[in-house]
Amino acid sequence: MKGAYDDIIERERPVSKKHRPMPLANRAAQFSPFAALSGYDDAIRETDRQTEEKRELSEDMLAALNERLRHLEEREKKRPFLRLTYFLRDEKKEGGVYVTRRGRFRRVDREGKMLVLADGGRIPLGDVFWLEEEPEE
């Protein structure tokens, strides 16, 4: 039984006189997988990333928070150390996450409705969920 390619099966591989052989690493790269849809994996991860809705404070919690802010304003010159939890809005999706941050209090900007920290951080007063003074480190 004679096959269609029997005449070339035993031959040597042709070698070009003009071009050098390609290194094996480069040849392998031609067959490596590629991302047919660039950005697809990022889009899937973004869709899967979880956010939460901003919680509304009860009247009691809001009153306690306002009292703490008033107390901080009275002690502004002492620049107490704080731990505060606030809502950080997501830039890409609806909602956001709650973040706890520590820092030194600087002032309350009533006009801009911001809590200003000594390191320059500015947190919208409407996004502050809770704050408390902490002892110095």
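Here, each number is a calculation from the coordinates, and none is a lab measurement. All values derive from a computational prediction rather than experimental measurement. Here the Cβ is made from the backbone with ideal geometry for all residues, glycine too, and neighbour counts use every protein chain on show.
Ignoring lysines fewer than eight residues from K54 along the same chain, the ones with Cα atoms less than 26 angstrom from its Cα are K92, K93, K113.
The GluC sites (Glu not before Pro) of segment 34-89 that DSSP puts in a loop, and whose beta carbon has at most 16 other beta carbons within 10 Å, are E53, E56. Sequence-distant contacts, meaning Cα pairs under 8 Å at least 6 residues apart, place the relative contact order of the chain at 20 percent. Taking Cα atoms only, the orientation of helix 59-74 departs from the longest principal axis of the chain by about 80 degrees.
Projected label points at E136 and R122, each 7 Å from Cα along the beta carbon direction, are separated by 2.9 nanometres. Tell me, Kirkwood radius of segment 59-134 from alpha-carbon pair distances, in Å? Radius from the Kirkwood sum: 12.7 Å. Eigenvalues of the alpha-carbon gyration tensor of the chain, scaled by 5 and square-rooted, set the equivalent ellipsoid semi-axes at 68, 19, 12 angstrom, largest first.
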